[in-house]
Amino acid sequence: MKPHESANDMNLLDTIRHTFVPIHREGYPFIAAFAVGTVILGLIWDPLFWIGVILTAWCVYFFRDPPRVTPVDDKLVIAPADGIVSSVKPAVPPAELGLGDEEMTRISVFMNVFSCHINRAPVRGRISAVEHRPGRFLNAELDKASRENERNSLIIESAHGPVPVVQIAGLVARRIVCWVDVPGEVAVGERFGLIRFGSRVDVYLPENARPRVAVGQLAVGGETVIAEFGSEAPPPVVRAS
């Protein structure tokens with residue numbers, strides 16, 4: 001094979017890899033179930049087959065796991081999920097983490113059913129706690145969802161102090177998956193969990209961290225800077241246009 005032909009083949013392979021977003025293995029059983037259901041529906045009535053195709057395509061899309069380029073800087077806190085920043089306010093972290101009753105700045109990222117639901121570590125550090133708490137399945141956008149909904153909470157011991165991260169089930173979410181445990185280490189931007197289907201992730205900031213996002217802003221998990229340690233600058237203000 002000629003050298004230029006080999007290079008062309010490699011360019012084609014790279015193009016294919018970048019065109020098709022990887023699917024996380026957690027989604028394979030669901031995609032298979034949707035596909036089988038589609039075939040069954042098609043045997044019952046042709047129009048139902050096409051409804052099944054659309055739902056199967058959505059299921060594939062839901063479980064996508066795109067690569068992300070994460071800023072590597074211990075001064076930065078990175079978005080733990082794709083979605084809309086639904087809240088930036090003081091709040092007491094979950095009681096099961098044993099951090100007391102002092103409020104911390106909480107940044108919430110709401111994921112709808114079309115968001116990528118892979119959760120990523122907002123900071124680098126050691127996992128010192130992982131606690132699961134059963135609860136209700138209220139709309140994850142509601143403030144009381146932090147207290148009443150089913151959740152999985154963890155603490156990442158960062159270079160700047162403990163950073164609690166909470167996966168919160170939503171209105172249609174019925175399963176929180178967490179892949180880290182105590183003891184363990186995570187890198188910033190590393191995948192640590194997933195929530196099915198539609199949910200929220202809260203990050204609680206130590207007092208030496210300054211938010212860098214505003215309510216209504218779109219966050220990209222593993223890429224968007226949501227806070228910065230050691231900064232005295234005021235938080236940003238996003239104005240509708």
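Details
- Pairwise FRET efficiency - residue 46 versus residue 218, Cβ, R0 = 41 Å, nearest 0.05: 0.60
- Whole-percent carbon and sulfur share, accessible surface of the chain, 1.4 Å: 60 percent
- Note on the chain: GNM, Cα springs under 10 Å; of 210, 196, 147, the largest mean-square fluctuation is that of 147.
- Gyration tensor (alpha-carbon) shape descriptor, segment 26-104, a/c threshold 1.5: prolate
- Solvent exposure of the chain, expressed per residue, is 53 Å² of accessible area, with all protein chains present and a 1.4 angstrom probe.
- Fluctuation leader among 223, 150, 102 - the chain, Gaussian network, Cα springs under 10 angstrom: 102
- Translational diffusion of the chain, µm² s⁻¹ [Kirkwood Rh, Cα pairs; Stokes-Einstein; 10 °C; 1.306 mPa s]: 82 µm²/s
The values are calculated or read from the model by the stated rules, or taken from the named source; none is laboratory data. These numbers come from a predicted model, not from an experiment. Heads up, the Cβs are rebuilt from the backbone with ideal geometry, glycines too, and the neighbour counts pull from every protein chain shown. Calculation scope for accessible area: heavy atoms of the full protein, side chains included, ligands and nucleic acids excluded. Shrake-Rupley method; radii C 1.70, N 1.55, O 1.52, S 1.80 Å.
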